[in-house]
1. To check you understand DSSP bridge types, tell me what percent of the beta bridges within the range 53-159 (both residues inside) are antiparallel, rounded to 5.
2. Once you order the gyration tensor axes a ≥ b ≥ c over the Cα atoms, which shape class does the range 93-145 get: rounded for a/c under 1.5, otherwise prolate or oblate by comparing a/b with b/c?
3. Working from the pairwise distances between different alpha carbons, so that the mean of 1/r is found and then inverted, what is the range 123-167's Kirkwood radius in Å?
4. Going down the list Lys128/Lys167; Lys22/Lys128; Lys72/Lys167; Lys18/Lys116; Lys60/Lys91, which pairs span over 26 Å between their C-alpha atoms?
5. To the nearest Å, what is the center-to-center distance of the range 12-70 and the range 80-136, using C-alpha atoms only?
6. Listed highest first by mean packing, meaning other Cβ atoms within 10 Å per residue, what order do 30-42, 76-88 come in?
7. Sort the range 1-61 into rounded, prolate or oblate with this rule: let a ≥ b ≥ c be the square roots of the eigenvalues of the Cα gyration tensor; rounded if a/c is under 1.5, and if a/c is not under 1.5, prolate when a/b is larger than b/c, oblate otherwise.
8. Please report the carbon-and-sulfur percent of the accessible area for the range 13-167; probe 1.4 Å, protein heavy atoms only, DNA, RNA and ligands left out.
Amino acid sequence: KYFEIKPSFFNPLNKIIKKNYKNKNINLSLYYPASFEVNVLKLFETDLVVKSKIFLPVLKGNNKMCFYEWKKNNVLKVNQYGMLEPAILKKPIVPNIILVPLIAFDNDNNRLGYGKGYYDKFLNKYLKLNSNILTVGVAFSFQKYKKLPSTNFDVKLNYILTEKGLK
């Protein structure tokens, strides 16, 4: 039961988005949850999704990733890592809000991902072009560590959202 979340989990995120993106288009990237990741699909039970275009990551060669629009009932396919991604690809977009999955995070908003660097490569490239991209790691509070190892290549997240709120 601990891994089940309610739509209210996303209230702190909703508040910050309302504050910072009041009259802007919201291009929100999610990830399709796997294993024990936070089920961000619960966002579809909030009003945030109604006001947003939703995007999911699609893995490309050379450990690269792009985001493509996706609606809740659109067809998904399984990628080489067993993760679901949109099957119908139109034009890729750079979302202005990116929810990032993680294995662990620390007090400095560093994250530990799955080890291939997809999000770090994407963010290193696009944050240089647009520093207004909001990055939010989504996790459970028990995934927090005091300090994680990090390199200059690793991108710190703007926020971490857990069941205890937004940090």
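The values are calculated or read from the model by the stated rules, or taken from the named source; none is laboratory data. A quick note: this is a predicted structure, and the numbers were derived from the prediction, not measured. Quick reminder, even Gly has a Cβ in these numbers, built from the backbone with ideal geometry, and neighbours come from all protein chains shown. Surface accessibility is based on the protein's heavy atoms, side chains included, excluding ligands, DNA and RNA. Shrake-Rupley method; radii C 1.70, N 1.55, O 1.52, S 1.80 Å.
1. Antiparallel bridges: around 60 percent, rounded to the nearest 5.
2. Prolate is the answer for the range 93-145, as a/c is 1.5 or above and a/b outweighs b/c.
3. About 12.0 Å for the range 123-167.
4. As for pairs spanning more than 26 Å Cα to Cα, those are Lys72/Lys167; Lys18/Lys116.
5. The range 12-70 and the range 80-136 have Cα centres spaced 10 Å from each other.
6. With the highest mean Cβ count within 10 Å placed first, the list reads 30-42, 76-88.
7. It is oblate, given that a/c is not under 1.5 and a/b is not larger than b/c.
8. Numbers: 4480 of 8640 Å².
Roughly 52 percent of what the probe reaches on the range 13-167 is carbon or sulfur.
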